[in-house]
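Visitor: My questions all concern the structure below.
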Amino acid sequence: KNEVEQSPQNLTAQEGEFITINCSYSVGISALHWLQQHPGGGIVSLFMLSSGKKKHGRLIATINIQEKHSSLHITASHPRDSAVYICAVSSNAGGTSYGKLTFGQGTILTVHP
Amino acid sequence: GAGVSQSPSNKVTEKGKDVELRCDPISGHTALYWYRQSLGQGLEFLIYFQGNSAPDKSGLPSDRFSAERTGGSVSTLTIQRTQQEDSAVYLCASSFPRGALHFGNGTRLTVT
């Protein structure tokens with residue numbers, strides 16, 4: 001079992017729909033990152049969080065430390081949101097450096113007009 | 001404001017040759033990270049530099065891989081005696097300590 005599991009692996013939506021991508025992890029963490037990668041493009045950091053909830057525009061990220069679970073929500077989805085969304089965690093296990101991120105396998109999101 | 005710059009953007013090399021990949025982090029960022037993304041695979045940690053601390057090299061897949069960071073700024077990832085399985089996109093990122101990561105566009109390495 002991977003330390004970081006994302007679901008779903010693939011997600012197709014119609015423009016305007018509310019989207020949720022889930023991330024579960026099995027280790028104690030110091031931070032969780034949500035990243036976005038467009039086809040052929042670079043990686044952009046969307047959120048870094050260690051507790052609670054963060055919002056940026058139409059994007060919302062939540063984390064439940066006790067349940068070891070995070071969600072990324074996209075409200076009023078748009079075709080330009082089509083990308084791969086990646087969850088990554090920085091473990092707080094002894095001897096593990098902050099920068100040693102463990103990545104989920106990614107969720108491929110396609111939003112149709 | 002320049003972002004993280006990586007060079008070259010593409011590199012094709014013959015099996016057995018050495019390659020050097022360069023990363024220029026954002027000015028002022030003390031943390032620098034190297035990851036790689038193989039075709040059809042997820043992202044994989046390679047090495048992490050933070051300030052003057054000893055780097056975390058635990059992700060380097062073999063002793064053919066090494067990295068250095070000179071003057072707390074530019075970093076070079078060196079792969080000796082390249083193998084076909086080294087073909088991947090090598091990504092560099094930088095950040096303030098324990099901050100959000102800023103990624104470069106990567107170097108696509110193809111070993112023929």
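Visitor: Is it true that some residue in region A:69-84 is within 14 Å of another protein chain (Cβ to nearest Cβ) and part of a strand (DSSP E or B)?
Guide: yes
Visitor: To continue, here is another question. Go through region B:69-88 and report how many residues are assigned to a helix (DSSP H, G or I) and either among the small types (Gly, Ala, Ser) or crowded, with 20+ Cβ neighbours inside 10 Å (or both).
Guide: 3
Visitor: When only residues in region A:92-113 that are crowded, with 21+ Cβ neighbours inside 10 Å and part of a strand (DSSP E or B) count, which is farthest from the other protein chains (Cβ to nearest Cβ)?
Guide: A:109
Visitor: Within the bounds of region B:95-102, is there any residue that is more than 10 Å from every other protein chain (Cβ to nearest Cβ) and not acidic (Asp, Glu)?
Guide: Yes, region B:95-102 has at least one match.
Visitor: Follow-up. Using the structure shown, decide if residue B:91 is away from chain A (no Cβ under 12 Å) and either modelled with pLDDT of 95 or more or part of a strand (DSSP E or B) (or both).
Guide: No: the conditions fail for residue B:91.
Visitor: While we're looking at this one, here's another question. Could you check how many residues of region A:91-113 are at pLDDT 90 or above and polar (S, T, N, Q)?
Guide: Residues meeting the conditions: 4.
Visitor: Select, from A:61, A:31, A:88, the only residue that is closer than 21 Å to residue B:89 by Cα and either assigned to a strand (DSSP E or B) or not hydrophobic (A, V, I, L, M, F, W, C) (or both).
Guide: A:88
Visitor: Here is a list: B:32, B:109, B:60, B:46. Which entry is buried (at least 18 other Cβ atoms within 10 Å of the Cβ) and not in a strand (DSSP E or B)?
Guide: Selected residue: B:60, the only one of B:32, B:109, B:60, B:46 that is buried (at least 18 other Cβ atoms within 10 Å of the Cβ) and not in a strand (DSSP E or B).
The values are calculated or read from the model by the stated rules, or taken from the named source; none is laboratory data. Predicted, not measured: the structure shown is a model, and the values here were computed from it. All Cβ positions, even for glycine, are placed from backbone atoms using ideal geometry, and neighbour counts span all protein chains on display.
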